[in-house]
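The values are calculated or read from the model by the stated rules, or taken from the named source; none is laboratory data. Quantities reported herein were computed from a predicted structural model and do not represent experimental measurements. We place every Cβ from the backbone using ideal geometry, glycine too, and count neighbours over all the protein chains shown. Side chains are part of the model used for accessible areas, which takes the heavy atoms of the whole protein and leaves out ligands, DNA and RNA. Shrake-Rupley method; radii C 1.70, N 1.55, O 1.52, S 1.80 Å.
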Amino acid sequence: MKATARSQSAKSSPSLPNPSNWSGRRHFIDTKDLTLEEIGYLIHLARKYKNDLKAGKPPHSVLDGKVVANLFYENSTRTRCSFELASKHLGMVVLNLDMAVSSVKKGETIEDTARTLLALGVHVIVQRHSLSGSADRLAQILHEELHIVNAGDGTNAHPTQALLDLFTMLEYKSDLKGAKIAIVGDVTHSRVARSNFCLLRKLGADIHFAGPPALVPSDIEFPGATMHSALEDAIEQADFVMALRLQLERQQAGLIPSIEEYARLYRVDHKVLKRAKPHVKVLHPGPINRGVEISDEVADDSDISLIEKQVANGVPTRMSVLSAICRGA
Ligand code: CP
């Protein structure tokens, strides 16, 4: 199946305000408490940065002299590289800590590591950690002293991923009010699903989840969403389908019968996408398990798959977050 919709350059989004000032929020921890004004500000600024990058003119002076430390206690390719590029495009000095050879290995706590970096002159910490709530805790402890950006905490939140997913969707559909978005797969272990749900609901999207019963929480956690056990029901007439990575590293044994059975029932392929709207677009936060949650053919179908666009949009989106929180109101 070939979808033919072209990107609407999404110059404006009717459901998003375009305020000229940032709220003054110092940390970027979750999408739960973001206001529509804040979302609008970040999306508009990300668009400006994307245009600057396209024109070969990254705005190097915006955060000139500020120092950012990337602390990734968990593995990452997309998030870590795009934060590094985003920081450099804004003129920041970037420290990439190699956690495998840092003093964390000698038992140093998250808080002591952060205080050490503060003493070294760091202004922003971008942190990924397996512990849910760890970024929020750090932001509370070091509230006025550092800016904390959550690059993923356990199964809780991945707010910059959700922001770049929203940015990418808005390039294809400028108003998400009433748009049907199917988020499918391992919802239980997905911080991406949680952050996207909170953000997309604020814009009035109609969210449907599907996955094996053991991997889809109850709708109590996702008020307003529709839960399905059959992939086909979630995808029916969907505008966007977001396939989630099967997170075997976070799962207890026995939640799914087998990878083969999971793929048979929940893999997003061209056959199941026939049920969606004709111009459906497929997203995946990456890294993908090819042939498990998404077929090779869909992942590599440039008419349908937005996966590479999501990765590319991670840079201007993260520039927008860093610039907003560091420059304040
Ligand atoms: N989407 C995402 O967080 O990818 P990485 O783990 O590669 O950063």
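From zero up to wherever the largest Cα-Cα distance of segment 103-261 sits, split into 5 Å bins and tell me the percent of pairs in each.
2, 8, 16, 18, 16, 13, 11, 8, 6, 3, 0
From the gyration tensor of the Cα coordinates in the chain, what semi-axes in whole Å does the equivalent ellipsoid have, largest first, with each one equal to sqrt(5λ)?
Semi-axes from the Cα gyration tensor: 32, 24, 17 Å.
State, to one decimal in nm², a quarter of the convex hull surface area for the C-alpha atoms of segment 44-190, i.e. the direction-averaged projected area.
10.6 nm²
Quote to one decimal, in nm, the extra length available between residue 219 and residue 12 on full extension: 0.36 nm per residue of separation minus the C-alpha distance between them.
Additional length available on full extension: 71.3 nm.
Size of the dipole of segment 178-289 about the Cα centre, Lys and Arg at +1 and Asp and Glu at -1 on the beta carbon, nothing else charged, in debye to 20?
That gives segment 178-289 a dipole magnitude of about 360 debye.
If you roll a 1.4 angstrom probe over the protein chains with everything in place, what fraction of the accessible area of the chain belongs to carbon and sulfur, to the nearest %?
It is 51 percent, rounded to a whole number.
Just to confirm the filter: which trypsin sites (Lys or Arg not before Pro) across segment 240-311 are DSSP coil and have at most 12 other Cβ within 10 angstrom of their Cβ?
Answer by residue number: 274.
Hey, quick one: spin label on residue 75, modelled 7 Å out along Cα-Cβ, who in segment 256-289 has an amide N within reach, i.e. under 14 Å?
Only 286-289 fall inside the zone, counting backbone N under 14 Å.
What does the extension gain come out to for residue 303 and residue 259, with contour length at 0.36 nm per residue minus their alpha carbon separation?
Full extension of this stretch gives 13.1 nm more.
Given a Förster radius of 35 Å and the C-beta distance between residue 248 and residue 88 as r, what FRET efficiency does 1/(1 + (r/R0)^6) yield to the nearest 0.05?
0.55
Taking only protein heavy atoms and a 1.4 Å probe, what accessible area per residue, in Å², does the chain have with all protein chains in place?
42 Å²
For residue 92, what is the net charge nearby, where nearby means another residue's Cβ is under 9 Å from its Cβ and Lys, Arg count +1, Asp, Glu -1?
Neighbourhood net charge equals +1.
Over segment 191-274, calculate the relative contact order: mean separation of alpha carbon pairs under 8 Å at least 6 apart, over the residue count, as a percent. Please report the intermediate quantities before stating the final value.
Numbers: 56 pairs, mean separation 21.9, N = 84.
Dividing the mean separation by the residue count of segment 191-274 yields 26 percent.
Checking the table 66/105; 32/54; 274/309; 57/173; 54/274 against a 29 Å threshold on Cα-Cα, which pairs fail?
Beyond 29 Å: 32/54; 54/274.
Just grab the label-to-label distance for residue 230 and residue 106, each label 7 Å out from Cα along the Cβ direction, in nm (one decimal).
A separation of 6.0 nm, rounded to one decimal place.
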